[in-house]
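For reference, the structure is listed below as structure tokens.
The values are calculated or read from the model by the stated rules, or taken from the named source; none is laboratory data. Predicted, not measured: the structure shown is a model, and the values here were computed from it. Neighbour counts are summed over all protein chains in view; Cβ atoms, including those assigned to glycine, are modelled from backbone coordinates with ideal geometry. Heads up: the accessible areas ignore ligands, DNA and RNA and are worked out on the full protein's heavy atoms, side chains in. Shrake-Rupley method; radii C 1.70, N 1.55, O 1.52, S 1.80 Å.
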Amino acid sequence: RFAEFNITDYEKSAYLLHNSEELNRLIEEELLDYYFQPIVNARTGQVFGYEALMRPSCEGLKTVSDVMRLVRAQSKLNQIEELTWTGALEAFSQQKEAFGEARLFINSVPNTCLSKEGFAALEQRFGKDLSRLVVEVIESEQTDYNCMAIKQSLCQRWGLSIALDDFGAGYSSEGVLLT
């Protein structure tokens, strides 16, 4: 049997293989930094909130796209979701005075949820600051309606808001908006 060598497929497979250990190290050692992008109220010009932007801080994984591609391939979305919530809240809480009353927007994967224990740990650790959260559902994954129902119940319990990241792109559609 003869087949044509496909360099694109080879490079993709090689990338996944060579960087799987780097992803494991990133997760285990929590090698993520968080930067805060201001969200401005267009009417008043005042900062309404800050979006927590996760950035890898390890050699082999340079971009969030690299991390997310590996996370999907290795079925580790839950671990990244937990790291994102915990890390962003921790970084935000360390700078409370600088952020004033602004809200914190945290990107959340629509087909992934923290465990009950994970949510309980957040509640215990960050308490009243949770009411300042806006759960920003990302567009790059399909929605799991059970996960979204859990997030909606948290929003009611903690007084959170939900936002759609980059509405109209990727999987974000009217169906997600209605949900």
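Of all residues in segment 142-156, exactly one satisfies the criterion of being outside any helix (DSSP H, G or I) and either buried (at least 17 other Cβ atoms within 10 Å of the Cβ) or at pLDDT 80 or above (or both), namely 143.
Checking the stated criteria, residue 120 turns out not to satisfy the condition of being in contact (Cβ under 8 Å) with a residue 12 or more places away in the chain, among the aliphatic types (A, V, I, L, M) and surrounded by fewer than 18 Cβ atoms within 10 Å (Cβ to Cβ). Consider segment 16-36. How many of its residues are touching a helix residue (DSSP H, G or I) at 6+ places or on another chain (Cβ under 9 Å) and within 15 Å of residue 80 (Cα to Cα)? Counting residues in segment 16-36 that are touching a helix residue (DSSP H, G or I) at 6+ places or on another chain (Cβ under 9 Å) and within 15 Å of residue 80 (Cα to Cα) gives 10. Residues considered: 65, 93. Of these, the only one that is farther than 30 Å from residue 11 by Cβ and free of Cβ contacts under 8 Å to residues at least 40 places away in the same chain is 93. All told, residue 131 falls short of being open to solvent by 50 Å² or more (accessible area, probe 1.4 Å) and on the phi > 0 side of the Ramachandran plot.
Counted as qualifying within segment 1-114 are the strands (runs of 3 or more DSSP E) with 3 or more residues that are within 20 Å of residue 129 (Cα to Cα) and open to solvent by 50 Å² or more (accessible area, probe 1.4 Å), namely 32-40.
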